[in-house]
Amino acid sequence: MSIKSIKNQINGLDILWRNGSSSCFPWLWIRDHSESELDLHPDSKQRQIDVFSETPDNTIINSTIDHKNKSVIVRWQDQTYSSISFELLESMATVCLPSAQALNHGTHWNSAREIKIFPEMSYEDFMKNDGPKKWLNHIQRSGFVLVTEAPVTPESTQELMERMAYVRNSIFGGFSVWDNQLENPDDTAFTSLAIEPHTDGTYVHDAPGLQTLHCLKKDSIGGENQLVDGLAIAEKMRIEYPEYFKILSKINIPGRYIKTDTYLEAKRPLFRVNDEGNIVQVSFNNHDRAPFRLDNESMIKFYDAYKVFHNLANDKNRQFQFMLEPGKVLTFDNWRLLHARSALTGYRQLCGGYQNREDFESKLRLI
Ligand SMILES: [Fe+2]
């Protein structure tokens, strides 16, 4: 959409677009969104103009189109001016509530067979200039990526993660190396027990965005990993179980993590939905669910809804099953996929860590 003409109205600047539609931007909005060097810091892109301390006199002298710099210039009676780029005006042409970024709809998978482009790449490819872009695209499309033939060291695994962004700290530390023989494991993840499909961090307000796992040493039987697309379950339930979908989008489910010196608790719906009704985040961990009580009728309905999700997540046909092997680095979207592990016997040593959702989104915007 490009600008055909502009016209000064009493309430604001009218922009007539070439497609025949028009948008009227209030004068105060124009001042507040000015991108001139004085109003928006050219380097930090932080707002310098303050339209609140003193009420601006929004009487205008004129408004013009600066085709060379692709912007609209508004000159005010107080001898100042505002400049707004075509790009910003075009991106704001229609009224739209700011909304949390939704997961990548249209690419969800109900079984491994539905994954059209298998998200796997060699370490050599990952280390090329466009490697991180392909890696991010795989995660964006399928919710996970496997990097094969990777050096089997914690250092190179951490470097792999840091090509995307810094590794996040948590109660488990930052980038970590662990095995299944800890004397006092503080999470089932550090044992040999089976773990049913779940997302990590239901007990923190800002659950980890990405999780990376690399098996460094393996002398074990069992321990297969499973991934399930929570987004696909959400979309299935939205259509086939609309009442349950609504319940799981509304009720804040508490998660908790309790140790001698730690008591974490956070609450959010299983399906976090934005203003447009799209799924932003899936959170599910039956192991870590904290006690809560609704009125009896609502509680039973909640159990019914939760059971449907639980059983779909545990349906083997929906799961992509594979074995973490030395040299194969798994990274997955913890806001979308659920992960699980079968019980194992023997010894395994793993390494990995978490990364923030906003850093993942940031990279996706820039690639
Ligand atoms: Fe986990």
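The values are calculated or read from the model by the stated rules, or taken from the named source; none is laboratory data. Given the structure is predicted, the values throughout are model-derived calculations rather than measurements. Here the Cβ positions follow ideal geometry from the backbone for every residue, glycine too, while neighbour counts run over all protein chains shown. Only protein heavy atoms, including side chains, enter the accessible area calculation; ligands, DNA and RNA are left aside. Shrake-Rupley method; radii C 1.70, N 1.55, O 1.52, S 1.80 Å.
Can ILE221 be described as at negative phi, hydrophobic (A, V, I, L, M, F, W, C) and within 14 Å of the ligand (Cβ to nearest atom)? Here the answer is no, as ILE221 does not meet what is asked. Remark: pairs (first residue in the range 51-68, acidic (Asp, Glu); second residue surrounded by 10 or more Cβ atoms within 10 Å (Cβ to Cβ) and assigned to a loop (DSSP other than H, G, I, E, B); Cβ separation under 7 Å; 6+ apart in sequence or on different chains) = ASP57/GLN77; ASP57/ASP78. The sole residue among GLU37, GLU54, GLU124 that is over 30 Å from LYS4 (Cα atoms), in a loop (DSSP other than H, G, I, E, B), of a type in the set (Asp, Glu) and open to solvent by 30 Å² or more (accessible area, probe 1.4 Å) is GLU54. Can you confirm whether the range 203-223 contains a residue that is touching a strand residue (DSSP E or B) at 6+ places or on another chain (Cβ under 6 Å), among the acidic types (Asp, Glu) and not in a strand (DSSP E or B)? No, the range 203-223 contains no residue that is touching a strand residue (DSSP E or B) at 6+ places or on another chain (Cβ under 6 Å), among the acidic types (Asp, Glu) and not in a strand (DSSP E or B). Scoring LEU337 on the criteria (1) out of contact with any Asp or Glu (no Cβ under 7 Å at 6 or more places or on another chain); (2) within 15 Å of the ligand (Cβ to nearest atom) leaves a single failure, condition (1). Of all residues in the range 160-169, one or more are outside any loop (DSSP other than H, G, I, E, B), more than 16 Å from the ligand (Cβ to nearest atom) and buried (at least 20 other Cβ atoms within 10 Å of the Cβ). Name the residues in the range 189-219 that are surrounded by fewer than 20 Cβ atoms within 10 Å (Cβ to Cβ), over 25 Å from VAL147 (Cα atoms) and in contact with a Lys or Arg (Cβ under 9 Å, 6 or more places away or on another chain), would you? The answer is LEU193, HIS205, ASP206.
Yes/no per residue for (1) open to solvent by less than 20 Å² (accessible area, probe 1.4 Å); (2) in a strand (DSSP E or B):
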| site | (1), (2) |
| --- | --- |
| THR64 | no, yes |
| SER82 | yes, yes |
| THR94 | no, no |
| ALA100 | no, no |
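Can you tell me which residue in the range 270-307 is surrounded by the fewest Cβ atoms within 10 Å (Cβ to Cβ), limited to those that are part of a strand (DSSP E or B) and within 16 Å of the ligand (Cβ to nearest atom)? My answer is ARG289.
Among residues of the range 107-125 that are without any contact (Cβ under 8 Å) to a residue 60 or more places away in the chain and more than 12 Å from ILE139 (Cα to Cα), those with a beta-carbon under 6 Å from a residue that is of a type outside the set (A, V, I, L, M, F, W, C) and open to solvent by less than 80 Å² (accessible area, probe 1.4 Å) at least six positions away or on a different chain give the pairs SER122/THR148; ASP125/GLY131.
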